[in-house]
Amino acid sequence: MRHHNVNRKFGRVAGQRRALLRSLAISLVRDGKMTTTEARAKELRPFVERMVTTAREGTLASRRALLTRLGGEATGAKRLVSDYGPRYMERQGGYTRITKLPSRVSD
């Protein structure tokens, strides 16, 4: 049964979906903000928020877990632990915000 299993597929197999989320997360951590579709942003939000919660711990084990989630991207894991972890230490969640863009002129 498929109860409570409502992940978006994006027309990709599981490995490609993981790679997509990983690359979106890396660019979000690196740049601080990004432009993407609403569906991808909504799927990316829990992925990134779990990583920020892990980064708040700041232990060696959490750094290694972040490295695994980011596919070996050391600068992204370091930035999560050094910048985002201390910044959101007092907050209990809700680290990301999705803002909708106006529709394109050509649409």
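The values are calculated or read from the model by the stated rules, or taken from the named source; none is laboratory data. Everything quoted here is computed from the prediction, not taken from an experiment. Methodologically, a virtual Cβ is constructed for each residue, glycine included, from the backbone with ideal geometry; neighbour enumeration extends over all protein chains shown. Surface accessibility is based on the protein's heavy atoms, side chains included, excluding ligands, DNA and RNA. Shrake-Rupley method; radii C 1.70, N 1.55, O 1.52, S 1.80 Å.
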Give all pairs with beta carbons closer than 6 Å in which a residue from the stretch 17-32 that is closer than 12 Å to residue 75 by Cα meets a residue that is open to solvent by 20 Å² or more (accessible area, probe 1.4 Å); count only pairs at least 6 apart in sequence or on separate chains. 26/73; 27/34; 29/79
Residues in the stretch 26-38: is at least one over 21 Å from residue 80 (Cα atoms) and among the aliphatic types (A, V, I, L, M)? no
Exactly one of these conditions fails for residue 97: (1) in contact (Cβ under 8 Å) with a residue 24 or more places away in the chain; (2) open to solvent by 80 Å² or more (accessible area, probe 1.4 Å); (3) assigned to a loop (DSSP other than H, G, I, E, B). Give me its number. (1)
Given the conditions (1) in contact with a Ser or Thr (Cβ under 9 Å, 6 or more places away or on another chain); (2) at positive phi, which single one is not true for residue 69? (2)
Taking first residues from the stretch 34-59 that are in contact (Cβ under 8 Å) with a residue 40 or more places away in the chain and second residues anywhere that are basic (Lys, Arg) and assigned to a loop (DSSP other than H, G, I, E, B), the pairs with Cβ under 7 Å that are 6 or more apart or on different chains are 38/100
Mind listing just one residue for me: the one in the stretch 66-94 that is under 27 Å from residue 35 (Cβ atoms) and part of a loop (DSSP other than H, G, I, E, B) and, of those, most open to solvent (accessible area, probe 1.4 Å)? 91
Out of curiosity, is residue 36 over 17 Å from residue 98 (Cβ atoms) and open to solvent by less than 50 Å² (accessible area, probe 1.4 Å)? no
Long-range neighbours under 9 Å by Cβ, at least six apart or interchain, first residue in contact (Cβ under 8 Å) with a residue 24 or more places away in the chain and of a type in the set (Val, Ile, Thr) within the stretch 62-86, second open to solvent by 60 Å² or more (accessible area, probe 1.4 Å) and assigned to a helix (DSSP H, G or I): 75/30; 81/57; 81/63
Restricting attention to the stretch 1-15, and to residues there that are open to solvent by less than 100 Å² (accessible area, probe 1.4 Å), among the hydrophobic types (A, V, I, L, M, F, W, C) and part of a loop (DSSP other than H, G, I, E, B), which single residue is farthest from residue 84 (Cα to Cα)? 13
Just to check your reading of the model, which residue among 30, 18, 63 is closer than 27 Å to residue 104 by Cβ, open to solvent by 60 Å² or more (accessible area, probe 1.4 Å) and assigned to a helix (DSSP H, G or I)? 30
Does residue 49 qualify as being acidic (Asp, Glu) and open to solvent by less than 60 Å² (accessible area, probe 1.4 Å)? yes
